[in-house]
1. Under the rule of at least 5 residues apart or a separate chain, name every residue whose amide H is placed under 5 Å from the amide H of N77.
2. Per residue, what accessible area does segment 1-89 have, given a 1.4 Å probe and all protein chains present, in Å²?
3. Where the accessible area of the chain is counted over protein heavy atoms with a 1.4 Å probe, how much of it, in %, is carbon and sulfur?
4. Search the structure for amide H atoms under 5 Å from the amide H of V27, placed 1.01 Å from N in the peptide plane, and list their residues when 5 or more places away or on another chain.
5. Short version: ³J(HN,Hα) in whole Hz for each residue of segment 3-16, in order, from phi by Karplus 6.51 cos²θ - 1.76 cosθ + 1.60 (θ = phi - 60°), x for Gly and Pro, what are they?
6. Where in segment 36-114 are there GluC sites (Glu not before Pro) that are in a DSSP coil and have at most 16 other Cβ atoms within 10 angstrom of their Cβ?
7. Can you give the relative contact order of the chain as a percent, counting alpha carbon pairs under 8 Å and 6+ residues apart?
8. How compact and how long is the chain, expressed as Rg and Dmax of its alpha-carbon atoms in Å?
Amino acid sequence: QARLVESGGGLVQPGGSLRLSCSASRVSLSPYAMGWYRQAPGLQRELVAAISRLGATNYTDSVKGRFTISRDAARNNVYLQMNSLKPEDTAVYYCNRLHYEVAWGQGTQVTVSS
């Protein structure tokens with residue numbers, strides 16, 4: 001059964017940094033465009049960063065200049081480096097293939113608070 005696993009979340013003060021990781025078992029990520037999504041309480045899940053199969057990236061306006069998405073095809077992993085974190089970045093973060101989604105993982109909680 002395909003499984004996505006997100007990790008690296010935690011509690012961080014405003015202005016801090018976190019690096020999220022996305023790994024997968026029984027499913028290939030490398031041939032596909034990938035996305036990092038987040039869902040805050042009471043809100044819909046939103047796409048915050050995407051990376052194409054060849055490494056082209058795109059970001060939602062609220063995270064541009066602060067977040068960086070990357071991938072390691074050999075390890076079948078995708079990463080999200082988050083800098084200058086703000087309280088409004090607090091959410092559960094998920095990864096998935098952009099166009100051919102697989103079952104969603106549990107996500108990883110990011111809490112930005114002083």
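1. So N77 has HN proximity to D72.
2. Details: 4870 Å² over 89 residues.
About 55 Å² of surface per residue is accessible.
3. Numbers: 2850 of 6140 Å².
The computed percentage sits at 46.
4. Placed amide hydrogens put R3 under 5 Å from V27.
5. These are the phi-based 3J(HN,Hα) values: 9, 9, 10, 9, 8, x, x, x, 9, 9, 6, x, x, x Hz.
6. Details: sites: E46, E88, E101; in loops: E101.
Those that pass, being in a loop and sparsely packed, are E101.
7. Normalised by residue count, the contact order of the chain is 38 percent.
8. 13.1, 40
The values are calculated or read from the model by the stated rules, or taken from the named source; none is laboratory data. All of these numbers come straight from a predicted model, not from anything done at the bench. Positions of Cβ are backbone-derived with ideal geometry, glycine not excepted, and every protein chain shown enters the neighbour counts. Protein only, heavy atoms only, side chains kept; ligands, DNA and RNA dropped before computing areas. Shrake-Rupley method; radii C 1.70, N 1.55, O 1.52, S 1.80 Å.
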